[in-house]
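Enquirer: One structure coming up, written as structure tokens, with questions to follow.
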Amino acid sequence: MASVMPAPSQSRLFLSGNEAVARAVWESGCKVAAAYPGTPSTEMLEVLSTYPDIYTEWSVNEKVSLEVAIGAAFAGSRAFCAMKHVGMNVASDALMTLTLTGVIGGLVIAIADDVGLSSSQNEQDSRFWGRFAHVPVFEPSDSQEAYEMTKLAFDFSEKHQVPVILRMTTRINHVKALVTVGERMPHDNPGGFKKDPARWVMTPAGAGRRIPLMFERDAILLAEAESSPLNVVESGSDRRVGFVASGPAWMHVREAFPAMPALKLGFSCPVPVEKIRAFAKTVERLVVVEEVEPLVEKELKAAGIACHGKDILPKQGELAPNVLKPAIARLLGEPVPENLAKPAPVFPRPPTMCVACPHLGVYYTLSQIKNLTISGDIGCYTLGAGHPWNALDTTISMGASMGIALGLDKGRGEADKDKRILAVIGDSTFLHMGMQGLLDIVYNRGNVTVLLLDNRAVGMTGGQPDPGSGRDIHGEPAPRVDFAKLVEALGVKKERIHVVDPYQLPVLFKTIREEIKVPEVSVIITDQPCVLIDDYKKQKPYAVIDEKCTGCGNCVEVGCPAIHVTRREKAVKPSGKEVELQFVRIETSVCTGCGLCVQPCAPEAIVHADPRQPMRLVKH
Amino acid sequence: MNEQNVTNILVVGIGGQGVMTATEILAQAAIALGHDVKKTEVAGMAQRGGVVSSHLRFGPKVLSPQIMPGTADLLVAFEAAEGLRWCHMLKPGGLVLLNTAHLVPPVVDLGLYDYPADPIAEIRARGFEVRAFDAMKIALELGDVRLGNTVMLGAMADHLPFPAETLLDAIVKRFAARKPQMVELNRQAFEAGRAAEKAAAQAKEEVTA
Ligand SMILES: Cc1ncc(C[n+]2csc(CCOP(=O)(O)OP(=O)(O)O)c2C)c(N)n1
Ligand code: SF4
Ligand code: SF4
Ligand code: SF4
């Protein structure tokens, strides 16, 4: 089989950080790579899955993906695992004991922090895991470094039998730059898995014997960091400030202050304190530039090295040159460059659900039902919290809709005694961490109506397959979970399980109305695919007949982005009530004919677009 | 351009318009000329109608991938209000090449926000030069809306620190590899965009004359 990137050694490719890591993982002879999707990490596995001679999988969650990688590394092969920052919260149970056993084959864990919150629920700093788990952390600052550090990380992992964390951020994962690549090197694994219960079976006694080994390793890792070529000083003539920086912040520092000396932390945990102490002596003031938390700064201060950091820099977001320059000017008592360029106030463009998304009907329906508390989850359907539906009340972490719904039920105060508790969760999120919560609801006799939105894909991250899709990472047929059977096996009564088509509004409405009245757990499963995947089939598009549209605005409440309001008018109803009319048009070129908006249109103003007269029907 | 001889081009629009593809082609052209190149975009959930801004920096050596406010050499806006949203990124007096299409988001349809009455006038009022043309119409006249990003590339062609032909080559290369039947149409779209930009420049001169 030919490689997807049949690039000869030494050729330069224009790669994102994610693509560069994938290339390096493959070149390193890695045998097993596993991940659960999550922005900005997703492309690492997506790209790896197109390379030959490497096993790749979408796992059901990050913990399982790490465990798969651990197994492969125990078996002596090289293994790789990628996740977004919050993924490690899920996987950390495995990590925290893995640090005691260590590995045989090299194991590299790429964690993508979403600094700047482009698409995440928090901005946590994954470098903490290096300290918590006593494992080394490498921090690339562009694609070339991501590529090189990944290769080094495999060697390093094997040399010290320790997993290595590659800490990336959105500004590395999604930035493209030129990378000089090499060839795939086979990795030998002659020994295979060697039985060694004292090492692989972590009983209290076994763990007790290995903890001192971990501390011994700490000292070795520190010595490695002190002498690592990944930690280098770039000299500069203006010694009023010297910087210590890592990750994308390194590039920002070099860009903003080319004349000032700087020490790059490529191998940032454990912190090479003595190297930094020596560097600090060569400059007037030391400034630590790190995204996000002041980890290095605090460790330097603890070691008695005076430095600035979060006293002058933000504790949130990216530390780009336009943030750094004024902060350093202030520190030096120089005039602060005035920010001339102020952005114009323009309406926001929050992400919307896709045209014809199967979730639209669900939220339209929920927005019509009163007296609900809706426990939500993470996925495209989180957007149900926004306009026009306003039909989602909580979101915390993946799978949390289940436990939180049960807690809302059990913890209800007097004011909520007649409220119905509903939980909304997607297929991928349910399989990731939701099914345990549902089992808990069943077992503890909760009164919750669960809406399981099965769109056969991980929509939010771009439509990757999951065990509910019937396809694997390569798009090949794979066993498909039967959600109705699964929830029945968890103990939901058969008569409380309904599979409905979310485009059939009356059925959906009736089913939800009936189930919320029943004082026990019910599960309503929707069964139409995400529009991003091949299973979705477009139908004949619709258009609005101007003369028939009464401006009732019902179709606008569906929330499909193909529907546009063309004009608003005030009108007085026969009852004397003043209402605002909204006249609409459908952007026929993007309408996929799902038929949702047609259903609440009483005057039947929405009809199939006539292919012979499209202009008449779509006029403004 | 700046002290480091780095060219900063900012391409903006909304998800699905081909902003990132356009920047990718531009990047390939710069690479072909031997430049160091970095390209970054913020497009978290772009496929769902969000704002896309794609930064392209090239020159002898590029460090930070981000263009800082007030330093873009050229702003290419695939949508009128996006041109206004991002014009503060331009260097003073800088040039905006703008597709006049108004793409109205649901928050405006719902009456929560207003679409700016005249985005082009507002950009000009901020001291920037605007060359505006209807790229969607040009693409549709050639038979396919998806040619819109090639039209935009054509419009940029005479504002780059390298010959228009280098950019055209990069387009041709990309389509020759993926959709050879589209090469000729894209060539036409490129030339149409180039002509539209020139016409817009002339119209501007007549107005000011
Ligand atoms: C622990 C964790 N891992 C990954 C993600 C990234 N992520 C956000 S939503 C989502 C899954 C969405 O899939 P699904 O539940 O099927 O809903 P859909 O988007 O398809 O509607 C993922 C993987 C996350 N937020 N948290
Ligand atoms: S990606 Fe799929 S699930 Fe997400 S909004 Fe679009 S259609 Fe809906
Ligand atoms: S539902 Fe029908 S009548 Fe009401 S605004 Fe929409 S198209 Fe017009
Ligand atoms: S039929 Fe209505 S709701 Fe469905 S895609 Fe078309 S405009 Fe959107």
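The values are calculated or read from the model by the stated rules, or taken from the named source; none is laboratory data. Quick caveat, the model's predicted, so the values are computed rather than measured. Neighbour counts are summed over all protein chains in view; Cβ atoms, including those assigned to glycine, are modelled from backbone coordinates with ideal geometry. Note: accessible area is taken over every heavy atom of the protein model, side chains too, but ligands, DNA and RNA are not part of it. Shrake-Rupley method; radii C 1.70, N 1.55, O 1.52, S 1.80 Å.
Enquirer: Which one of A:435, A:402 is of a type in the set (A, V, I, L, M) and closer than 17 Å to residue A:62 by Cβ?
Expert: Only one candidate passes the filter, namely A:435.
Enquirer: Which residues, counting only those in region A:153-197, are in a helix (DSSP H, G or I) and either open to solvent by less than 20 Å² (accessible area, probe 1.4 Å) or in the same structural domain as residue A:14 (by TED's automatic domain parsing) (or both)? Even if it seems obvious, please write down each step before you answer.
Expert: We begin by selecting, within region A:153-197, every residue in a helix (DSSP H, G or I); these are A:153-160, A:170-173, A:197.
Of everything in region A:153-197, those that are in a helix (DSSP H, G or I) and either open to solvent by less than 20 Å² (accessible area, probe 1.4 Å) or in the same structural domain as residue A:14 (by TED's automatic domain parsing) (or both) turn out to be A:153, A:154, A:155, A:156, A:157, A:158, A:159, A:160, A:170, A:171, A:172, A:173.
Enquirer: While we're here: Hey, can you tell me all the residues within region A:462-477 that are out of contact with any strand residue (DSSP E or B) (no Cβ under 9 Å at 6 or more places or on another chain), in contact (Cβ under 8 Å) with a residue 12 or more places away in the chain and open to solvent by 20 Å² or more (accessible area, probe 1.4 Å)?
Expert: A:462
Enquirer: Out of region A:80-129, which residues are farther than 21 Å from residue A:397 by Cα and touching a His at 6+ places or on another chain (Cβ under 7 Å)?
Expert: A:99, the sole residue that qualifies.
Enquirer: A further question follows. Being away from chain B (no Cβ under 13 Å), in a loop (DSSP other than H, G, I, E, B) and in contact (Cβ under 8 Å) with a residue 24 or more places away in the chain is true for just one of A:239, A:277. Which residue is that?
Expert: Residue meeting the stated conditions: A:239.
Enquirer: Can you list the strands (runs of 3 or more DSSP E) found entirely within region A:518-620 that contain at least 3 residues being without any contact (Cβ under 8 Å) to a residue 60 or more places away in the chain and of a type outside the set (D, E, K, R)?
Expert: Correct list: A:563-572, A:578-586.
Enquirer: Could I ask something else about it? Select, from A:209, A:217, the only residue that is open to solvent by 30 Å² or more (accessible area, probe 1.4 Å) and of a type in the set (D, E, K, R).
Expert: A:209
Enquirer: Return a yes/no flag: does region B:101-114 have any residue that is within 12 Å of chain A (Cβ to nearest Cβ), of a type in the set (Phe, Trp, Tyr) and in contact with a Phe, Trp or Tyr (Cβ under 7 Å, 6 or more places away or on another chain).
Expert: yes
Enquirer: Here is a follow-up. I'd like the full set of residues that are in contact with a Cys (Cβ under 9 Å, 6 or more places away or on another chain) and within 22 Å of residue A:357 (Cα to Cα), limited to region A:560-591.
Expert: Passing the criteria: A:560, A:561, A:562, A:563, A:584, A:585, A:586, A:591.
Enquirer: Go through region A:362-416 and count every residue that is part of a loop (DSSP other than H, G, I, E, B) and of a type in the set (Ser, Thr, Tyr).
Expert: Final tally of qualifying residues: 2.
Enquirer: Which residue is nearest to ligand 3 (Cβ to nearest atom), if the candidates are limited to region A:42-92 and must be without any contact (Cβ under 8 Å) to a residue 40 or more places away in the chain and not in a helix (DSSP H, G or I)?
Expert: Among those residues, the one meeting the criterion is A:59.
Enquirer: Which one is nearest to ligand 3 (Cβ to nearest atom) among residues in region A:589-600 that are of a type in the set (A, V, I, L, M, F, W, C) and open to solvent by 20 Å² or more (accessible area, probe 1.4 Å)?
Expert: A:598
Enquirer: Does residue A:453 satisfy the condition of being away from chain B (no Cβ under 14 Å), away from ligand 3 (no atom under 16 Å from the Cβ), open to solvent by 50 Å² or more (accessible area, probe 1.4 Å) and within 14 Å of residue A:523 (Cα to Cα)?
Expert: no
Enquirer: Return the only residue of A:57, A:67, A:27 being modelled with pLDDT of 95 or more, within 27 Å of residue A:248 (Cα to Cα) and not aliphatic (A, V, I, L, M).
Expert: Residue meeting the stated conditions: A:27.
Enquirer: Within region A:390-413, is there a residue that is within 14 Å of chain B (Cβ to nearest Cβ), within 16 Å of ligand 4 (Cβ to nearest atom) and within 26 Å of the chain's Cα centre (by Cα)?
Expert: Just the residues of region A:390-413 that are within 14 Å of chain B (Cβ to nearest Cβ), to begin with: A:390.
Now drop any that are not within 16 Å of ligand 4 (Cβ to nearest atom), which leaves none.
The answer is no, given that none of the residues of region A:390-413 is within 14 Å of chain B (Cβ to nearest Cβ), within 16 Å of ligand 4 (Cβ to nearest atom) and within 26 Å of the chain's Cα centre (by Cα).
Enquirer: Mind listing whichever residues of region A:561-571 are within 10 Å of chain B (Cβ to nearest Cβ) and more than 36 Å from the chain's Cα centre (by Cα)?
Expert: A:566, A:568 - these are the residues of region A:561-571 that are within 10 Å of chain B (Cβ to nearest Cβ) and more than 36 Å from the chain's Cα centre (by Cα).
Enquirer: Shifting gears a bit: Can you find even one residue in region A:572-588 that is open to solvent by 70 Å² or more (accessible area, probe 1.4 Å) and within 14 Å of another protein chain (Cβ to nearest Cβ)?
Expert: Within region A:572-588, one or more residues are open to solvent by 70 Å² or more (accessible area, probe 1.4 Å) and within 14 Å of another protein chain (Cβ to nearest Cβ).
Enquirer: Of the residues that sit in region A:527-560 and are within 13 Å of chain B (Cβ to nearest Cβ) and open to solvent by 30 Å² or more (accessible area, probe 1.4 Å), which one is farthest from residue A:471 (Cα to Cα)?
Expert: A:557
Enquirer: Only residues that are away from ligand 2 (no atom under 16 Å from the Cβ) and either touching a helix residue (DSSP H, G or I) at 6+ places or on another chain (Cβ under 9 Å) or modelled with pLDDT of 90 or more (or both): list them for region A:558-574, please.
Expert: Across region A:558-574, the qualifying residues are A:564, A:565, A:566, A:567, A:568, A:569, A:570, A:571, A:572.
Enquirer: Please determine whether any residue of region A:455-478 is under 18 Å from residue A:512 (Cα atoms) and of a type in the set (A, V, I, L, M, F, W, C).
Expert: Within region A:455-478 (the criterion being under 18 Å from residue A:512 (Cα atoms) and of a type in the set (A, V, I, L, M, F, W, C)), the answer is no, since none of the residues qualifies.
Enquirer: Could you list, in sequence order, all residues of region A:377-406 that are within 25 Å of residue B:112 (Cα to Cα) and more than 11 Å from ligand 1 (Cβ to nearest atom)?
Expert: Matches in region A:377-406: A:385, A:386, A:387, A:388, A:389, A:390, A:391, A:392, A:393, A:394.
Enquirer: Of everything in region A:403-420 that's of a type in the set (A, V, I, L, M, F, W, C) and within 29 Å of residue A:469 (Cβ to Cβ), which residue is surrounded by the most Cβ atoms within 10 Å (Cβ to Cβ)?
Expert: A:405
Enquirer: Considering only residues that are open to solvent by 10 Å² or more (accessible area, probe 1.4 Å), outside any loop (DSSP other than H, G, I, E, B) and closer than 30 Å to residue A:188 by Cα, which ones fall in region A:102-134?
Expert: A:129
Enquirer: Residue A:341 passes all but one of (1) buried (at least 18 other Cβ atoms within 10 Å of the Cβ); (2) modelled with pLDDT of 95 or more; (3) in a loop (DSSP other than H, G, I, E, B); which number fails?
Expert: (2)
Enquirer: Return the total of residues in region A:341-373 being within 16 Å of ligand 2 (Cβ to nearest atom), more than 12 Å from chain B (Cβ to nearest Cβ) and either aliphatic (A, V, I, L, M) or touching an Asp or Glu at 6+ places or on another chain (Cβ under 8 Å) (or both). Quick ask: steps written out before the conclusion?
Expert: Initial filter on region A:341-373 (within 16 Å of ligand 2 (Cβ to nearest atom)): A:349-366.
Now narrow it down to the ones that are more than 12 Å from chain B (Cβ to nearest Cβ): A:356, A:358, A:361-366.
Within this subset, residues satisfying the condition of being either aliphatic (A, V, I, L, M) or touching an Asp or Glu at 6+ places or on another chain (Cβ under 8 Å) (or both) are A:356, A:362, A:364, A:366.
Selection size over region A:341-373: 4.
Enquirer: Within region B:23-82, how many residues are open to solvent by 10 Å² or more (accessible area, probe 1.4 Å), in contact with a His (Cβ under 8 Å, 6 or more places away or on another chain) and more than 9 Å from chain A (Cβ to nearest Cβ)?
Expert: 1
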